[in-house]
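Right, one structure below, let's go through it.
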C-alpha cells in the first residue's frame, strides 16, 4: 500500500489482529450457545406433527459465518439466528399454519414457554438466561421456520463438492414464513412463498474468503461445520468482525444503523484475497461502495445468491438508514487515513474510538507486559519508530508508538 512503510504496516496489522481476536466469543460462550440450540433443536425435531418431514435446526447468520462478535456492553444480548427446516410439508399447510405449529410446540415446553418472546414477522424468539448474574450468558435465539425441497440434503452435498457458482447455490434455497406476505394465510404452494438461502450465502462467503494461502476445503471447514468452535479465522472473517464492531461503537443501539448483512456482503464483494489484515481492511474501505448500485433512483445491494433480493430495500422507505450507512463509510475512510498518518497517543486514541476502549486497552496492556519481559531478558530489539512508544512510554519516554508524537 502506498503512503505507509512496511514496518509500520506490519505493526498496525499485529495490533488490529490482536484487537479483533479479543472480539471473539469465548469457547465457553460458543459451547453454551451450541448446547442451547441443540436442545431446542432436538425438542422441535421430535415434534410428532413435523417428524415425517425430517426437521432439523441449524445456525445461520454470523454464528454460521464465523463473524459473531461480543456485544459492546456486558449486559447486551448475543444474537443467534437459527433455521428450523422441514423437507416438504403437508399439502394443505400455509405459512401461517407452520409458524403457528412451531409456536405451539414451543409453548408446550415449560421452560421455552417462559422464554418465548412475542411472535416476530418471520421468527419465534427465545430469550435465554435473562436473570443470570453472568452478563455473558445473555443471548436470544431467533428461530425461522422454513420448508425445503425433499431432496435438499442430497442437493446440498452435491453443491458442497462442486466448484462455487451462483447457479449451483440457487438449488439450495428454502421457502420461509413471513407474516407480511400477501398470501401468508392462504397459499399452500411454496413456489409463491418468500425465498431465502442461508446455505447458499454461507457457501458464497466461503468462496470469497479464499486467498493465495488458503484452499477451498479449509475455508469451508471454517464456515460449514455446525457446532464446531473455530479459532483460526480467515482475513475476510476478521475484517467483517472489525467493521461490525466499528458500526456498533459508532451507532450503539440505533435501529437505523447499517445492518450486518449489507456490511458482510459489501466486504465479501470488495475483498481481493489480501493476506494482511490491514491491507484487506483498507482495500474494503476504499472499494465497498463500488458494489452499491443506483437503479431508477433506488439504491441496490444485491444478495449474491438471489439477485432479485435487495438488502438495501428499506433505504427507500427510511432514508436515514441510507444516510447513516454513508456516514459510517465516511467515518471508516477517516479511520483509514488516521491509521496511516497519526502517531503516538493520537493513534492509540483513534483505535479506542473506533473499536472500543476496553479491547484496545487490553491489547496494549499485553504488549506492554511483553515489552517489559523482552527488555528484562535482553530480547528487545525495537527501533524508535517501532512498538516501543505508546506500549512502553513508562520505560522510555523519548519513544512513542510509530515514532515521535
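A short reminder: the numbers here are calculations on the coordinates, not readings from a lab. All of these numbers come straight from a predicted model, not from anything done at the bench. Glycine gets a Cβ as well: all are built from the backbone with ideal geometry, and neighbour counts include every protein chain shown.
Quick notes on this one:
- Share, in percent, of DSSP beta bridges within the chain that are antiparallel, nearest 5: 70 percent
- In nm, spacing of pseudo-spin labels at residue 185 and residue 167 (7 Å Cα→C-beta vector): 4.2 nm
- The angle separating the long axis of helix 319-341 from the principal Cα axis of greatest extent in the chain is about 30 degrees.
- Each of residue 286 and residue 309 was given a label point 7 Å from its Cα along the Cα-to-Cβ line. The distance between the two points is 3.2 nm.
- Between residue 77 and residue 353, the FRET efficiency from the beta-carbon distance, with R0 = 22 Å, is close to 0.35.
- Choice from 45, 373, 256 showing the highest fluctuation, given a GNM over the chain with Cα pairs closer than 10 Å: 373
- Spin-label model, residue 45 to residue 253: label points 7 Å out along the Cα-to-beta-carbon direction sit 3.6 nm apart.
- Anisotropy class of region 263-340 from Cα gyration tensor, a/c 1.5 cut: oblate
- In region 1-140, the alpha-carbon atoms span a convex hull of 162 Å³ per residue.
- If R0 is taken as 41 Å, the Cβ-Cβ distance between residue 38 and residue 18 corresponds to a FRET efficiency of 0.80.
- Expected 222 nm ellipticity per residue - DSSP helices of 4 or more, -39500 (n - 2.57), all of the chain, to 500: -15000 deg cm²/dmol
- Whether region 87-213 is rounded, prolate or oblate, judged on the alpha carbon gyration tensor where a/c under 1.5 counts as rounded: oblate
- Angle in degrees between helix 277-287 and the longest Cα principal axis of the chain, rounded to the nearest 10: 70 degrees
- Degrees separating the helix 27-45 axis from the principal Cα axis of the chain, which is the longest one: 10 degrees
- Among 343, 179, 42, the order by Cβ neighbours within 10 angstrom, fewest to most, reads 42, 179, 343.
- Prolate/oblate/rounded call for region 53-122, Cα gyration tensor, a/c under 1.5 rounded: oblate
- FRET efficiency estimate (nearest 0.05) - Cβ-Cβ, residue 272 to residue 127, R0 41 angstrom: 0.50
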